[in-house]
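Got a structure for you, questions after.
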Amino acid sequence: MQDCQAREINYLRISVTDRCNLRCTYCMPPEGVRPLGHDQVLRNEEIIALVRAAAAVGIKKIRLTGGEPLVRRGITELVQELAAIPEIDDLALTTNGVLLPAFAAQLKEAGLQRVNISLDTLQSFRYTLITRLGKLEQALAGIEAALEYGFHPVKINTVAIRGFNDDEINDLVAMTLDKPLHLRFIELMPVGVADGWAKSRHLAVAEIREIIERQFGPLSPVHKPTGHGPARYYTIAGARGTVGFISPLSDHFCHQCNRLRLTADGRLRPCLYDTREIDLKTPLRRGAGPEELAALFRRAVLLKPAGHSFAAGWQDDRRVMSQIGG
């Protein structure tokens, strides 16, 4: 499918739950958000029906997100069914890693190919501070489990926050020296609860790169590992892994955006920062067939804006990040 900007749209991010076992400060308020009722969340068979319809019009890449996708009951069975859809050639999952040691083996066997693990600090106190509920050793055990069970590539997502983890940038980079990890620094975005303070804590990619090169020397561009996101990848001489940068603010990548987002309550969102959504759950539950559902995906593609409007601030007072999908 091509949108109005002639971008090829072939990637669907699916939020399988709005629930999470952590309460990260840039994602949700301390008390969390009121979870959707059981009947409001798409069932496994409904997700499969929607992915089949999407695959018929060109979606080939699927990423499962949350909330935290591993808290969803039946997540392994969902992965297995998605992996069996012939048109889907890439199936990945984004997680905070806390539950990954318990799920890694069965997810690998079910057909999951890749994982992205969120990790913003290597200091125990800071990890608990930013996640409010988590323990660093749990996330690190998740990374080790991903490596042990052969997920490839294993990507680490680090949100760079001025005054919080900017003094750990090189410690995080050092993880790529002797392990095949692909660390990506992500600029803090003014989304949901982070809208009010993101500007003062923003750390641009150019500054992050300068910090790294002062200690490790020049970063050399490399072909990006398997994946379909906007990161630009580099390597340090002799390192087993890579360092990537995702710059939605300082050097936005909207011109190459290839994705749609499906929320846990069955709404298709053409852009993270655009409040327009298409309800898929209602027609699905009233009996819409594959052609009608495919037409809704085509409609969503045509609604994709040319670019985001971060400069105007977060406009969606109905949702925080965990309700849209990371």
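No value in this document is a laboratory result; all are computed from the given coordinates. Owing to the predicted nature of the structure, the values given are computational and were not obtained by experimental measurement. Every residue, glycine as well, gets a Cβ built from its backbone with ideal geometry; the counts of neighbours run over all protein chains shown.
Starting from the 7 Å offset along Cα-to-Cβ, what nm value, one decimal, do you get for the label separation of ARG43 and ARG73?
For the pair ARG43/ARG73, the computed spacing is 1.3 nm.
Right, here's the next one. Just need the Rg to Rh number for the range 11-324, please, alpha carbons only, Kirkwood Rh.
Working: Rg = 18.8 Å, Rh = 19.9 Å.
Rg/Rh: 0.94.
Also: Just how many pairs of Lys in the range 11-324 have C-alpha atoms closer than 24 Å, counting pairs that are eight or more places apart or on different chains?
Taking the range 11-324 as the scope, the lysine pair count is 19.
Show me the trypsin sites (Lys or Arg not before Pro) within the range 235-283 that DSSP assigns to loop and that have at most 15 other Cβ atoms within 10 Å of their Cβ. Show your work: numbers first, answer last.
Numbers: sites: ARG240, ARG259, ARG261, ARG267, ARG276, LYS281; in loops: ARG240, ARG276.
When the trypsin sites (Lys or Arg not before Pro) of the range 235-283 are filtered for loop state and at most 15 Cβ neighbours within 10 Å, ARG240, ARG276 remain.
If you take the Cα atoms of the range 114-241, find Rg, then find the Kirkwood Rh from the mean of 1/r over all pairs, what is Rg/Rh? List each step's numbers first, then the result.
Values: Rg = 14.5 Å, Rh = 15.3 Å.
Computed over Cα atoms, the ratio is 0.94.
Quickly work out the ARG34-to-ARG276 label distance, labels modelled 7 Å from Cα along the C-beta direction, and quote it in nm with one decimal.
Result: 2.9 nm between the two label points.
Compute the angle between helix 290-303 and the longest alpha-carbon principal axis of the chain, please, reported from 0 to 90 degrees and rounded to the nearest 10.
Result, in degrees: 50.
Once both axes come from the Cα atoms, what is the angle between helix 44-56 and the longest principal axis of the chain, in degrees from 0 to 90, rounded to 10?
Roughly 90 degrees, rounded to the nearest 10.
Given the options GLN106, GLN215, GLN256, state which has the largest fluctuation in a GNM of the chain using a 10 Å cut-off (strictly under) for Cα springs.
Of the options given, GLN215 has the highest mean-square fluctuation.
What angle do you read, to the nearest 10 degrees and between 0 and 90, between the alpha-carbon axis of helix 205-216 and the longest principal axis of the chain?
40 degrees
Where in the range 145-160 is the amide nitrogen less than 18 Å from a point lying 7 Å along the Cα-to-Cβ axis of VAL222?
Residues 147-148, 150-158 fall inside that zone.
Tell me the mean residue ellipticity at 222 nm calculated for the chain from its helices only (DSSP H runs of n ≥ 4, each -39500 (n - 2.57), averaged over every residue, nearest 500).
My calculation for the chain gives -8500 deg cm²/dmol from helical runs alone.
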